[in-house]
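Bear in mind that the values in this text are calculations on the coordinates, not laboratory data. None of these values were measured; they are calculated from a predicted model. Quick reminder, even Gly has a Cβ in these numbers, built from the backbone with ideal geometry, and neighbours come from all protein chains shown.
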Amino acid sequence: MNVVVAPMLAALGAILATLVTRSRPRLQHAASVLGGVAYAGAVAWAVRAAVLGAGAPGAVTYQLGNWPAPFGITLVLDGLSAFMLVVAAAVAVPAIAVSVRFVDRANQQVFYHPLFHLLVLGVTGAFLTGDLFNLFVWFEVMLMASFVFVAFYGNAQHTAAAFRYLVLNVVGSVTFLVAVGGLYATVGTLNMADMSRRLAEAGAYGIDPLPVTGLATLLLATFALKAGLVPFQFWVPGAYRAAPLPIAAMLAGATKKVGIYAIIRLYFTVFAGATVPLNLPVVAGTTPLALLAPVLLVMGVASVLMGGFGAVASPSMEELLAYSSIGQVGFIAVPVAIAAAADSAALRRVGLLAALVYALHHALAKGLLFLSAATVRGATGTNRFADLGGLGRQSPFLSSAVFVGFLSLIGIPPLSGFFGKFLVLDAVTSRAATGPGVGAVAVLVVLLVGALLTIVYASRAWVGGFWGARSERVRAATVDPVQVAVLVAVAALVVAVGLGFEPVAEFAGAAADAALDRGAYIEAVAPAGGESA
Amino acid sequence: MSSIIMRTTARVVVPIILVVAISLLLQGHNLPGGGFIGGVLTAAAFALVYVAYGLDYLEIGVLDRDVDPGAGPFDHRTVALYRRLIVLGLAIAVATGAAGLLFGVPFLTQTFVYVEGVPLYHEIELTSALVFDVGVYCVVVGAILSILSVVGAE
C-alpha cells in the first residue's frame, strides 16, 4: 500500500519544489508552505487509511524497492508510528508558516526551505522505518539538516554551538553504529520485526542474547542524546539559542520526540522479548527492560530538576524554553521508565499512554511557545526579559496565544497539558500502589517539584514579557498579524486537544498497544523470508 | 603552491581518475562501485585541477570564457552550475524512485533489460538502477565541488 510512503514522498517533493523555485522567493515560499500542508495531508491520509479509519488494518508495511523482509528495508506504519507522525506534522506546518514571515528574505534564500523539508523527511523516515540500520541513516539525515540550522546565522557564537552539536552527535552516531553492528553480529538481522522474533526464541536460532542488554544500553545513550535527557542535555540550550526560532520549535517538538520514539520502539517492541539473566540490585527482571527502567528513571528525574532550575534562572525567553524542554522531556521519560519497570501489562500500557500524550502535548505547547518567541523577536528584536514587558497590552492576541501555551505547560484543565501531567502522575501513583513504595513516592515528589518549577518559570516569563508597563522596545514594536494568526490557530489546537480529549486518548491508546504488541508487529512485517530462502 | 611536478602529474592523472570514476558509476548497480563513489572520484579529479591550475582554470583554460574577478564565490558561474547539478541529480533520483509507483510496484523498485545484438558488445544490460546512480552521481559531484570551490575561494 502506497499510503505508507506518501508522507516521505510529500517531503521529498517539497525539497525538490523549493530547490527548483529557489530563484523566485515568493514562489518558493508558497511552494514551501504548500509542501508543509501537503505533508500534513499525506500524514492524515496515511494515518486514516492504516490506523484510524473504519476497517483499517492497524498496521501497514511497505517494502522499499520491492525487496522482501528481512533483507530489504521495511517501512511500518502502525499505531505508534502514526501517532508520532501526527505529532511531527502538527509542529511542522505552523513552523514553516511562521518561518516564511519570520526569517529574513536573504537568509531564506540560503537553502532554508529545502533543509526544512529535509529535516521533516528525516523525522518521517525515523518514525516509519522498520530497519535498525535505516534508522541510523534517518538519524544522520536529521543531523545533517539540523546541524546546518544550528550554524545558520554563522557568527562566532552560532558556529561554536554548531560545532559542539556536531561533535556530540557524531560521537552519538558512532555509538549507534557500534551498537547496530554488535546487534547484527549477535542476532543476525537488522530488520526490527525479525530481531524481535529471533530474540524471543533465542534458543531456536542459536543466539546468545546476553550482549543485547549492553548493546541496547549503547542505543539508549544515543537516543537520550537526541532527546536531550540529563546527562546528555548540555548541547540543548546552546543549539536552541543558535538555531532560527521556528527550527527550535521543530527541534523541540519533533526531533526530540524521535529519541523518545526510538527508545519506546526498540525496547518495548524489539528487546522486550529477549530473556537475559540480569542480577540487578534494584529492579528484578529477565529482559533488557529491567536495566532500562532504573537508568531511564534517573535520567528523567534528573532532567525534570535540571530543566526546571535552569529555566527559572534564564534571562531570555528562548533560553527559558530550551531549559524547559529538557525538563519536559524528563516528564516523558519517567512514565516510559515506569512502563519498563511495570510487572503488569495494564500498568505498562498506562505508562506508555502517559508518555505519548505528554509527547503530543509538549510538541504542541512548546512549538507554540517557540513560535511565539519568534514573533516576539521579530516584533521587538529581542527576547530578553530585561528589555520586554507589557506585550499583553501591545498585542492581546499574541499574548493570549502565549498564555494558553504556558497554561498548558503548567497543566491547567482543560488544556492538553492537564491530561499529560495527569496521566504521568497517574502512572507514577499506580506504580507506587503496586510496587516498592519509597522510590515511587520520591519520584512523585520530584515530579511535583518539577510541576511547581514550571509554574514559577511560566509566571516569570509572563510577568517579564507580557504583563506590566510597556517597555521602550515593546512600544515601538509592530507585531506581524499573519504570524499571530498562525499562533492563535495552534493555541486553538491546544485547547481543542484538551476539550476533545477522548479521541486523542483512544489514538494514544492504540499507539501504546502497538508499541507493546510484539506479535502484531512481527505478523505485520512477516519477516519469514529468512527461513524459506 | 603548484609546482611543475604537480601540474604535470595532474595532467596525467586526471583523465585516468575520470575514466575510473565513470567505470565505477557504470558497473555500480551489480558490482562494487556506484553513483556515490564515482561522484567522489570525479570531484577528486576536479579538485586536483583546482589545486594544480587554480579555481578559474576551468572557466578560462577549458571553456575559454572570461571570469568576473569581483564577484563573490557564490556568484561564480561554475558554482551556480554545480548547484544546478545538485537539483538535477536529486530530481533524477527521486523521479527514478517514483517511476516504479506508476507501474504499481513500490517506491525505489528497479528493473533491468538485456539488449541483444549490439555491435561490439553483443549483449548489454540496461538497468533503471543506473539512472538512479546517475542522479546520485550528479548530487555528489555538485555538492562536493560547490563546497570545495566556495571554501577554496574564501
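Observations, loosely collected:
- In this structure the amide hydrogen of A:VAL230, modeled in the peptide plane, comes within under 5 Å of the amide hydrogens of A:SER303, none closer than 5 places in sequence on its chain.
- Rounded to the nearest Hz, the phi-derived 3J(HN,Hα) couplings of the range B:52-61 under the Karplus curve 6.51 cos²θ - 1.76 cosθ + 1.60 (θ = phi - 60°) are 6, 10, x, 6, 8, 4, 4, 5, 7, x, where x marks glycine and proline.
- Report summary: the helix-based calculation at 222 nm, which adds -39500 (n - 2.57) for every DSSP H run with n ≥ 4 and divides by the residues of chain B, gives -21500 deg cm²/dmol.
- Around A:GLY390: net Lys/Arg minus Asp/Glu count, Cβ-Cβ under 15 Å: +3
- Euclidean distance of C-alpha centroids, the range B:82-130 and the range A:339-403, integer Å: 46 Å
- Ordered by the count of other Cβ atoms within 10 Å of each Cβ, fewest first, A:SER399, A:SER408, B:SER3 give B:SER3, A:SER399, A:SER408.
- Annotation: the residues A:ILE410, A:ILE264, B:ILE16, B:ILE22, sorted from fewest to most other C-beta atoms within 10 Å of their own C-beta, follow the order B:ILE16, B:ILE22, A:ILE410, A:ILE264.
- Note on the range B:4-153: dipole from Cβ charges, positive end direction compared against B:LEU102, B:ILE92, B:GLY54; the farthest Cα belongs to B:GLY54.
- Dimensionless Rg ratio for the protein assembly as shown, taking C-alpha atoms and the 2.2 N^0.38 Å reference: 1.00
- Positive dipole terminus of the range A:6-521, leading residue within A:VAL295, A:ILE96, A:TYR358 (C-beta point charges): A:ILE96
- At R0 = 35 Å, FRET efficiency that the Cβ-Cβ distance of A:ALA386 and A:VAL174 yields, to 0.05: 0.25
- Between the range A:158-217 and the range A:457-478, the alpha-carbon center distance in angstrom: 47 Å
- Footprinting exposure proxy ranking of A:TRP462, A:TRP138, fewest other C-beta atoms within 10 angstrom first, gives A:TRP462, A:TRP138.
- Per residue, the average separation of C-alpha pairs within less than 8 Å and at least 6 apart gives the range B:4-153 a relative contact order of 29 percent.
- Cβ-based net charge around A:LEU132, under 11 Å, with every Lys or Arg adding one and every Asp or Glu removing one: -1
- Here the Karplus curve 6.51 cos²θ - 1.76 cosθ + 1.60, taken at θ = phi - 60°, turns the phi angles of the range B:7-16 into couplings of 5, 5, 4, 4, 4, 7, 7, 4, x, 5 Hz, with x standing for Gly and Pro.
- Note on the protein assembly as shown: with charges restricted to the Cβ of Lys and Arg (+1) and Asp and Glu (-1), its dipole about the Cα centre is near 1780 debye.
- Once the Cα-Cα distance is subtracted from the 0.36 nm per residue extended length, the A:PHE422 to A:ALA204 segment shows a gain of 74.1 nm.
- Cα centroid separation - the range A:241-262 against the range A:264-332, whole Å: 17 Å
- Near A:LEU225, once Lys and Arg are set to +1 and Asp and Glu to -1 for all other residues with Cβ below 15 Å from its Cβ, the sum equals +3.
- Kyte-Doolittle mean at least 1.0 and Cα axial length at least 20 Å: DSSP H helices in chain A: A:6-20, A:79-102, A:112-128, A:132-150, A:156-187, A:210-227, A:289-312, A:317-341, A:345-380, A:396-410, A:437-465, A:481-499
- For chain A, averaging the sequence separation of C-alpha pairs within contact (under 8 Å, six or more residues apart) and dividing by the residue count gives a relative contact order of 16 percent.
- Amide hydrogen neighbours beyond the local backbone of A:GLY130, cut-off 5 Å, H modeled: A:THR74, A:LEU75, A:VAL76
- Loop trypsin sites (Lys or Arg not before Pro), the range A:382-447 (other Cβ atoms within 10 Å of the site Cβ: 11 or fewer; DSSP): none
- Label zone at A:ALA489 (point 7 Å along Cα-to-Cβ), backbone N below 17 Å, the range A:1-34: A:29-34
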